Each structure stands twice: as C-alpha cells, then as structure tokens.
1. Looking for something crowded, with 18+ Cβ neighbours inside 10 Å, outside the structural domain of Ala264 (by TED's automatic domain parsing) and under 30 Å from Asp127 (Cβ atoms) - is there at least one such residue anywhere in region 55-70?
2. Just to be sure, is Arg37 at pLDDT below 95, over 26 Å from the mean Cα position of the chain (by Cα) and in a loop (DSSP other than H, G, I, E, B)?
3. Show the residue pairs that are 6+ apart or on different chains and have beta-carbon atoms under 6 Å apart, the first residue being within region 104-119 and outside the structural domain of Ser20 (by TED's automatic domain parsing), the second being of a type in the set (Ser, Thr, Tyr).
4. Of the conditions (1) touching a helix residue (DSSP H, G or I) at 6+ places or on another chain (Cβ under 7 Å); (2) farther than 30 Å from Val166 by Cα; (3) without any contact (Cβ under 8 Å) to a residue 60 or more places away in the chain, Ala12 satisfies every one except a single condition; which number is it?
5. Which of the residues belonging to region 247-275 are farther than 24 Å from Lys202 by Cβ and outside any loop (DSSP other than H, G, I, E, B)?
6. Look at region 196-246 and say how many of its residues are outside any helix (DSSP H, G or I) and either polar (S, T, N, Q) or crowded, with 21+ Cβ neighbours inside 10 Å (or both).
7. Just name the residue that is farthest from Thr107 (Cα to Cα) out of those in region 59-93 that are assigned to a helix (DSSP H, G or I) and without any contact (Cβ under 8 Å) to a residue 12 or more places away in the chain.
8. Looking at (1) surrounded by fewer than 15 Cβ atoms within 10 Å (Cβ to Cβ); (2) at pLDDT below 85; (3) under 29 Å from Leu29 (Cα atoms), find the lone condition where Arg191 falls short.
Amino acid sequence: MMPTWFLLVVTAAYGLVIGSFLNVVIHRLPREQSLLRPRSSCPACGAVIAWYDNVPVLSYLVLGGRCRRCRASISPRYPLVELAAAGLLVAVAARWGLTVAGLAAATLVLLLLALALIDLEHHLLLDVLTLPGLVAGVVLAALGGSLLGPLGGTVLRSSGPLASAVASSLLGAAVGALVPYLVIVAYRVIRGGEGMGLGDVKFLAMIGAFLGWKGGLLTIGLGSLFGAVVGVGLIAAGSGRRDTELPFGTFLALGALVTLFAGAPLMRLLGWIRP
C-alpha cells in the first residue's frame with residue numbers, strides 16, 4: 001500500500017504540472033486559441049519560452065517574475081494557479097485517496113479553478129468546459145464516484161446504490177439548471193433585463209451533477225452570499241454601484257469548493273440532514 005505522505009507528494013508534483021496546463025486553458029480558451037499551438041511565448045516581446053523557463057513555480061522564482069529576454073513583468077497569476085491546483089489536488093487526495101470519488105473530486109476542483117478565473121477576467125463560463133464537465137459528473141457518479149452520497153440528496157434508495165447515485169446526479173444537474181433559469185425569467189419579467197446568463201445555468205447544472213441537488217442548492221446560497229459581500233464591499237469602498245456587473249461564476253465556484261469539502265457540517269447546521 002502506498003504511504004500517505006508519498007501519495008500527497010506525488011499528487012502535489014502532478015498538481016503543479018496540471019496547474020501549468022490550466023494556465024494555458026485560462027489564457028487561450030476565452031480567446032478561441034489552440035491549446036497546443038503555438039508554443040507559449042512572452043506577451044511583451046514574443047520570445048518563445050524555453051522548457052527550462054516553464055518549470056512550474058520554480059522558473060517564476062528564478063526569473064524574478066520577469067521575461068528572460070525583455071525583462072517584462074510576468075503576472076503572478078501563473079504560479080498562483082499552479083500552487084492552487086496542487087493544493088486542491090492534495091486536499092482531494094487526503095480526503096478521498098485513489099478512488100473513483102477522488103477522481104470525481106479532482107475533476108471538479110480543476111474545472112472550478114479554470115472556470116472561476118476565466119469568469120473573473122472575461123465574464124464567460126465556456127460551454128467547452130461546463131458541458132463536458134456535466135457529462136463527467138454523471139458518468140463518474142455511475143462508476144461509483146458520488147461525492148456527497150446521501151448528503152447530496154439521494155433518491156430511489158430502493159433501486160440500489162448505483163441507480164440512486166446516478167439519479168441523484170441527474171436530479172442535481174436538473175435542479176442546478178432550473179433554479180438559475182427561473183431567476184433569469186423572473187428578472188426579465190420584473191426588471192426587463194438579464195440578471196445572469198445561460199452560462200450560469202450550465203455551470204450550475206455541472207456542479208449539481210457532481211454534488212447532487214442539495215449540494216447544488218448550497219452552492220447557489222453560498223455563491224450568492226459571497227457575491228453579496230463583495231458587492232456591498234465595493235459599494236462601501238466607492239468602487240462599485242448597485243448595477244456593477246460581478247463574475248457570479250467565480251463566486252459559485254468558491255461556493256462549490258466550500259460545499260465539496262465542508263458540505264456535511266453546513267447541511268447539518270441548516271437542518272438539511274440529521275445530526
């Protein structure tokens with residue numbers, strides 16, 4: 001059996017590499033660029049980045065956060081994403097280990113990280129990530145990768161655990177899509193505008209597929225709370241107004257992460273499940 005410390009170290013190393021790839025995804029997908037071609041280059045001078053200047057975190061530190069050729073500043077987002085991916089995957093490995101549920105949790109946290117940062121910068125929740133993510137959530141549930149189990153809102157218990165897990169995943173996706181869609185319709189009728197986009201609908205359907213309908217609802221509540229706190233803070237600081245557009249997907253991603261790792265105590269606190 002693999003020692004726990006060794007599993008976590010290997011997971012962290014892979015997480016840094018995956019985080020480096022996520023940086024490519026975050027930068028290129030919203031710009032409709034290929035993830036494979038061309039090779040990464042400095043945005044200031046166009047110099048192709050050599051492999052030894054592309055080692056996660058380490059290269060950034062060695063270069064002092066600057067391009068080797070033109071000395072232009074490199075965004076600290078790159079090493080932060082790499083560290084975030086490594087940290088999240090280590091947390092997943094510590095919680096679920098090398099299991100199907102662990103694979104499901106790892107898939108979810110990486111999707112959340114990429115989508116949160118894309119929405120933060122571009123106010124976009126891309127179908128190319130959310131729709132495959134939705135399918136992955138249902139498929140992994142069918143393979144035994146249920147993350148919250150009965151906490152997520154298990155249904156059809158008499159049909160067996162597998163059928164129940166798949167049903168919960170599908171119901172979670174349906175509820176996750178329905179709630180924001182009803183908000184869109186109500187906002188359009190009351191205010192005559194768009195309160196949120198269809199990207200939020202697909203994103204929440206994806207989250208529901210992984211976390212079940214209760215997990216999806218908790219994510220919506222937490223995401224709304226985080227968004228409200230930030231919005232009020234911006235208004236109080238004089239940096240925003242009531243109609244300032246906020247990246248709701250970023251707040252939903254944070255809510256989903258909290259639900260994934262702390263869903264059980266929060267649901268008990270809310271009375272959604274018995275102590």
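The values are calculated or read from the model by the stated rules, or taken from the named source; none is laboratory data. Model, not experiment: these values are computed from the prediction. Because the Cβ atoms are built from the backbone with ideal geometry, glycine has one as well, and the counts that use them run over all protein chains shown.
1. Yes, region 55-70 has at least one match.
2. No.
3. Pairs found: Ala116/Thr250; Asp119/Thr250.
4. Every listed condition holds for Ala12 apart from (3).
5. Ala262, Ala264, Pro265, Leu266, Met267, Arg268, Leu269, Leu270
6. Of the residues in region 196-246, 2 are outside any helix (DSSP H, G or I) and either polar (S, T, N, Q) or crowded, with 21+ Cβ neighbours inside 10 Å (or both).
7. Val62
8. (3)
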